[in-house]
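Input: a single structure, listed below in structure tokens.
The values are calculated or read from the model by the stated rules, or taken from the named source; none is laboratory data. Everything numeric in this text was worked out from a predicted model, so none of it was measured. Neighbour counts are summed over all protein chains in view; Cβ atoms, including those assigned to glycine, are modelled from backbone coordinates with ideal geometry. Surface areas here come from the heavy atoms of the whole protein model, side chains and all, with no ligands, DNA or RNA. Shrake-Rupley method; radii C 1.70, N 1.55, O 1.52, S 1.80 Å.
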Amino acid sequence: MTKPAKAPSAQTRELIVDLQSLGVRLADEDIGAPSRRGGAGPSDHKSVTVDGHTIMVPVHTGSAAHSPFETSRSGRADEVSLKRDGRAVATISFAPQPKFMKLRTAEGVPYGHIAQLHGRDVLATTVLQTCVRYGRRETSCQFCSIGESLAAGRTVNRKTPAQLAEVAKAAVTLDGVRHMVMTTGTPNFTDRGAEILCESAAAVRAVVDLPIQAQCEPPDDPAWFQRLKTAGVDSLGMHLEAVTPEVRARIMPGKASVSLDQYMTAFADAVKVFGRGQVSTYILAGLGDTREAILQMSERLIALGVYPFVVPFVPNSGTPLADHPAPSALFMRSILLPVGRMLVDGGLRSADIKAGCGRCGACSSLAAFESPAAVGVS
């Protein structure tokens, strides 16, 4: 979430939580920056700004197709009326079409096949678009659609360091991109992608001063954390997704072989290198973990200095969970409010993260609950 000057009102917080749970029906799908169906996330979303807060809202999901929210056809090119059950509730705007995505490399590869704009000011790329776990039901994460955009010809499998550097420089120059997210499919069971992230980050930082978050599974050797930092990575994401062994084994049977204890050890090791608040993890609410389990894990993570980025699960097209229901807004509020209070008490804020999903915040409304006023702390 792009941080506005003022904290969101209670009405704005309620609206953005509702939008992320229910989605929105668009009268004009071509307005603003393009959205994608399937592929590495966030997919099936649209970047929407409500009262100065930019969030990613589902637009191509089953829940969005039946959402009480819809946009009007009238309005400026980048600004329309948002209606709920036919009644206007807000004026929203959309991130503009990024200029860098109109370009191609010397080899003719569209820049949009190498990286995408997330939110309003974040460049994001999946460095390796394949994964050792993907494609087999017994090992793949059931929510993952990393191979969909590759199969559809909308991306390239391996983005070279030179390509990433070229696109990053253009995105900063032409669109004012302020930080970058580099994630990857898991290529092996040793470094788990850390090596190619090192190569990629070093190439980008050689040509442009752009803060970078790298994202991968915990590597087998904690020495990779210092190698990533030396290569130019500012913050690190290692994503739990689900927080209880039972849900992890059911939803992501292959990734669950990396135990929660292994993740906790990796988090502690990474915080020593990157610092408190510069290590984060995704928690997808709505996969089956209880509210209590998510809150307990969030408390444990914050004590370690890890930012728990709690995000409402969005069922992506082309996955086994395509018809899985999104979590209700009531469920999300019951989690986000106490996690926001924990973050305030623990001194962690998304605005202090140097780069990455937590700093962007667009895939969750958690940042809206980080102020003392929002959580009732004087």
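Computed from phi, the 3J(HN,Hα) profile of the stretch 80-94 under the Karplus parametrisation 6.51, -1.76, 1.60 (θ = phi - 60°) reads 9, 7, 9, 10, 10, 6, x, 10, 5, 10, 6, 10, 10, 10, 10 Hz, with x in place of Gly and Pro.
For the chain, the cysteines with no partner cysteine C-beta closer than 4.7 Å are Cys131, Cys198, Cys216, Cys357, Cys360, Cys363.
Values of log10 I(q)/I(0) for the stretch 23-160 across q = 0.13, 0.14, 0.17 Å⁻¹ run -0.63, -0.71, -0.96, by the Debye formula with one identical scatterer at each alpha carbon and no solvent.
Charge dipole (Cα centre; +1 on Lys/Arg Cβ, -1 on Asp/Glu Cβ; no other charges) of the chain amounts to roughly 460 debye.
Accessible area per residue for the stretch 254-378 is 36 Å², calculated with a 1.4 Å probe on protein heavy atoms, without ligands, DNA or RNA. For the chain, the antiparallel share of DSSP beta bridges with both residues in that region comes to about 55%.
The GNM of the chain, with springs linking C-alpha atoms under 10 angstrom apart, assigns the highest mean-square fluctuation among Ser63, Ser259, Ser149 to Ser259. Considering the stretch 217-336 at the alpha-carbon level, its Rg and Dmax are found to be 14.9, 43 Å. Across q = 0.10 Å⁻¹, the chain modelled as identical point scatterers on its alpha-carbon atoms has Debye log10 I(q)/I(0) values of -0.58, in the order of the q list.
Across the options Leu337, Val177, Gln11, the greatest Cα extent toward the positive end of the charge dipole of the chain (unit charges at beta carbon of Lys, Arg, Asp, Glu) belongs to Val177. Taking Asn316, Asn157, Asn188 as the candidate residues, the one with maximal mean-square fluctuation in a Gaussian network model of the chain, Cα springs under 10 Å, is Asn188. Between the alpha-carbon centers of the stretch 327-354 and the stretch 206-254, tell me the distance in whole angstrom. If you average the Cα positions of each part, the centres end up 21 Å apart.
Which is farthest toward the positive dipole end of the chain among Ala106, Leu197, Val247, measuring Cα position about the Cα centre, with Cβ charges +1 (Lys, Arg) and -1 (Asp, Glu)? Going by the charge dipole, the pick is Ala106.
Only Lys, Arg, Asp and Glu carry charge here, each on its Cβ (+1 for the first two, -1 for the last two); on that basis the stretch 160-271 has a dipole of about 180 debye about its Cα centre. Mean projected area of the Cα convex hull of the stretch 88-162, taken over all directions, amounts to 7.7 nm². Taking all protein chains into account, the per residue accessible area for the stretch 39-186 stands at 41 Å² (1.4 Å probe).
Among the lysines of the chain, pairs that are 8 or more positions apart or on different chains and have alpha carbons within less than 17 Å of each other number 8. Using C-alpha pairs under 8 Å with a sequence gap of at least 6, the mean separation divided by the residue count of the chain gives a relative contact order of 18 percent. For the stretch 222-378, carbon and sulfur atoms together expose 56% of the accessible surface, with a 1.4 angstrom probe and every protein chain in place. Remark: C-alpha extents of the stretch 137-179 on the principal axes read 43, 18, 18 Å, sorted largest to smallest. Rounded to two decimals, the Cα-based Rg/Rh of the stretch 150-303, with Kirkwood Rh, is 0.99. Measuring between their Cα centroids, the stretch 107-169 and the stretch 272-292 lie 23 Å from each other.
Name the most mobile residue of Gly153, Gly108, Gly254, meaning the one with the largest mean-square fluctuation, in a Gaussian network model of the chain with Cα contacts below 10 Å. Evaluated over the chain, the most mobile residue of the options is Gly108.
Here the scattering of the stretch 303-372 is modelled by Debye summation over its C-alpha atoms, one equal scatterer each and no solvent; at q = 0.16, 0.23, 0.28, 0.29 Å⁻¹ the log10 of I(q)/I(0) is -0.60, -1.00, -1.26, -1.31.
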